[in-house]
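The structure under discussion is supplied below as structure tokens; questions concerning it will follow.
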Amino acid sequence: MAQDNRIYVIGHRDPHTDSVASAIAFAALKREQGLDAVPCVLGKINKESQYLLDRFGFENPELLETAQVQLKEIDIDPPEAITPDTTIYRTIRLMRKTKRQNFAVVDDENHLVGWVSKTDLAEIAISDTKDAHGMIRKTPVVNFANTLKGKVLYESPIRKCNGMVSVVTLIGDMELNNYEVADRIVILGCDEEAMKILIKKGAGMLILIWTESVSDEILALAKEHSCSIVTSGYGATNTLRYLYFAPPVKNIMTKNPMKFYEYELAEEAGRKMARTRFRAYPVVDAEEHLVGYAARHHLLNYQDKQLILVDHNEFSQSVKGIENARVLQVLDHHKVTDFNSPRPVNFRNEIVGSTCTIVATIFRENEIPIDENLAGLLLGGLLSDTMNLQTPTTTPVDRQNANILAAVAGLDLDKFAEELFSVTEDEGGSMEELMMRDIYFEDVYGVRLMCCKLNVPAVESYRERADEIQQALDHLTRNKNADLGILCITSALENRSILFASGDKAEWLFEAYPDEEGEPHSIHEGLVSRKMQIGPELSNVISKYA
């Protein structure tokens, strides 16, 4: 895995169209400037945003769940591994070659099934040979040949091996009769007379040193007595020594070893690793496939994620773990609140109605052309956030950019706005779920305010659903422990809204925006902005009572 040096361009939580469009467009601008920038969202995008992405041919931005670095985003060692059937000898050679202190053991589908360290191998070298009898008894004949750089001359289909090993050094009938060789592995030289005696005495396997082949008579006798024969490329001492490295590592590996998942946070993995004795550990994906090894030095040298914030500057509205990331730049048109950084930040905050306006302006300032699809996407974000250029925050700069973007995209501004604001969230899902798609909370003079918004093509039909809407708002207000919950159902095309309120302080909203006498949920002409219209008026009322 390579260190993730990308720059993530992100909008705020519960992303709306201006946030999504400005992230995509500004990431495109940064790529034109030679930076590896990628647009991201922090939650599910709404139907309006999806409509624009589909219409102008953009893929959905990547979902960024945390600003903290995950193991999959840092440099770790490659997933070199062995299988359960790899011999101990082969594992030792691989450790020397790769300079590894340990190996993960994987199955045929690369699932992690075990762990072998140099300590495990050292135990084989220093332990009593009788401790290895069980392993030797189960070791395939071919393993001995491969480990000893020899070959199999005959492998008996009937296995006779009790795991014990004898080395024959004296030649002659009297001396051989003194050896207990039944079902044992016997190491000896090229004396065929000795071979005959040992085979007849019931040896389970002969390992021959300094011998390339044997006569047909010996092979026939071995077949008759079920005795396998293997040659060795080493002398007696090394043959005896390496023979104990022929078993497969499944006999000594640690099963269910400590491991890390690639989605785990590098910081947390480092803390866990500091409490253990090994220098490195296997890293797996969600399906337990080995993806590499994380060592302590990897977790000391990784870089923090790099972020560019668009359409927000509040950490409380940003990605989880932003305090652990490096914020490079901010583009926003909202008030500056709890932003702080230990490093210098390119901070651009303008008094305009949309972040897309700022992004479009930066394209022109840098003389970077905007293609027609990107211009269409930016225009959609601009119109969405200014409610078709009708919010009190809309400026001449927004209107100028809207006309420029419409010309570049080849769009009729009024017709495009009508199409855009005909896309409604009120399709599928409960009314409470719809309210949750555009919601924010604010403390106003100690009053917990919950404010929801639903954009629709026309508001009149929602007055007929007042009971359903009120019931859903009451339930949501209670669940969110809000003192005052409000819902603004707005039509940008009609430039008007209807209001609902719930909670102990519900009457305060209607003091700020009273209904017509005898007409609940009256239509409020020209009311389209929660933050710039409803917010200030409601704050004035709350200040009188709170």
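Looking only at the stretch 221-238, count every residue that is open to solvent by less than 30 Å² (accessible area, probe 1.4 Å) and modelled with pLDDT of 95 or more and tell me the total.
Of the residues in the stretch 221-238, 9 are open to solvent by less than 30 Å² (accessible area, probe 1.4 Å) and modelled with pLDDT of 95 or more.
Something else now. When you go through THR393, THR386 one by one, which is the residue that is without any contact (Cβ under 8 Å) to a residue 40 or more places away in the chain, among the β-branched types (Val, Ile, Thr) and either farther than 18 Å from GLY57 by Cβ or surrounded by 18 or more Cβ atoms within 10 Å (Cβ to Cβ) (or both)?
THR386
Can you run down the residue pairs with Cβ atoms below 9 Å, 6 or more apart or on separate chains, where the first is in the stretch 459-488 and modelled with pLDDT under 95 and open to solvent by 70 Å² or more (accessible area, probe 1.4 Å) and the partner is acidic (Asp, Glu) and not in a helix (DSSP H, G or I)?
GLU460/GLU494
Turning to a different aspect of this structure: Report the residue count in the stretch 331-359 for those that are of a type outside the set (Lys, Arg) and assigned to a strand (DSSP E or B).
The initial filter retains those residues of the stretch 331-359 that are of a type outside the set (Lys, Arg), namely 331-334, 336-342, 344-347, 349-359.
Going one step further and asking which of them are assigned to a strand (DSSP E or B), we end up with 331-332, 346-347, 349.
Summing the residues that are of a type outside the set (Lys, Arg) and assigned to a strand (DSSP E or B) in the stretch 331-359 gives 5.
Further question on the same structure: Name the pairs whose Cβ atoms lie under 7 Å apart, with the first residue in the stretch 258-276 and modelled with pLDDT of 90 or more, the second acidic (Asp, Glu), and 6 or more positions between them or separate chains?
Within 7 Å, the pairs are GLU262/ASP285.
Could I ask something else about it? Looking at the stretch 313-330 only, could you name the residues that are at negative phi, open to solvent by less than 20 Å² (accessible area, probe 1.4 Å) and either touching a Gly at 6+ places or on another chain (Cβ under 7 Å) or part of a loop (DSSP other than H, G, I, E, B) (or both)?
Once the filter is applied, which keeps residues that are at negative phi, open to solvent by less than 20 Å² (accessible area, probe 1.4 Å) and either touching a Gly at 6+ places or on another chain (Cβ under 7 Å) or part of a loop (DSSP other than H, G, I, E, B) (or both), the stretch 313-330 yields ASN313, SER318, VAL319, ALA325.
Select from the stretch 188-210 the residues that are more than 18 Å from SER156 (Cβ to Cβ) and open to solvent by less than 10 Å² (accessible area, probe 1.4 Å) and list them in ascending order.
ALA194
Only one residue in GLN329, GLN317 is in contact (Cβ under 8 Å) with a residue 60 or more places away in the chain and of a type in the set (S, T, N, Q), so which one is that?
From the options GLN329, GLN317, the qualifying one is GLN317.
Moving on. If I filter the stretch 280-310 down to residues being over 15 Å from PRO79 (Cα atoms) and in a strand (DSSP E or B), which single residue comes out as most open to solvent (accessible area, probe 1.4 Å)?
Across the stretch 280-310, the extreme among qualifying residues is GLN306.
Residues are listed down the side, and each one gets a yes or a no for (1) in a helix (DSSP H, G or I); (2) of a type in the set (D, E, K, R):
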| residue | (1), (2) |
| --- | --- |
| VAL116 | no, no |
| LYS130 | yes, yes |
| ARG159 | no, yes |
| GLY163 | no, no |
| LEU198 | yes, no |
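For the condition open to solvent by less than 30 Å² (accessible area, probe 1.4 Å), hydrophobic (A, V, I, L, M, F, W, C) and modelled with pLDDT of 90 or more, what is the one hit in ILE542, ILE523?
Answer to the check: ILE542.
Another one. Quick one: how many residues across the stretch 248-279 are part of a strand (DSSP E or B) and of a type outside the set (Lys, Arg)?
At the first step, the residues of the stretch 248-279 found to be part of a strand (DSSP E or B) are 248, 254-255, 260-261, 265.
Add one more test, that the residue is of a type outside the set (Lys, Arg), and what stays is 248, 254, 260-261, 265.
Going through the stretch 248-279 one residue at a time, the tally reaches 5.
Taking the stated definitions as given, is GLU193 out of contact with any Cys (no Cβ under 7 Å at 6 or more places or on another chain) and modelled with pLDDT under 95?
On the way: out of contact with any Cys (no Cβ under 7 Å at 6 or more places or on another chain): yes; modelled with pLDDT under 95: yes.
So GLU193 passes the test.
The values are calculated or read from the model by the stated rules, or taken from the named source; none is laboratory data. These figures come from a predicted structure and were not determined experimentally. Every residue, glycine among them, receives a Cβ derived from its backbone with ideal geometry; neighbour counts consider all protein chains shown. Heavy atoms of the whole protein, side chains included, go into the accessibility calculation; ligands, DNA and RNA do not. Shrake-Rupley method; radii C 1.70, N 1.55, O 1.52, S 1.80 Å.
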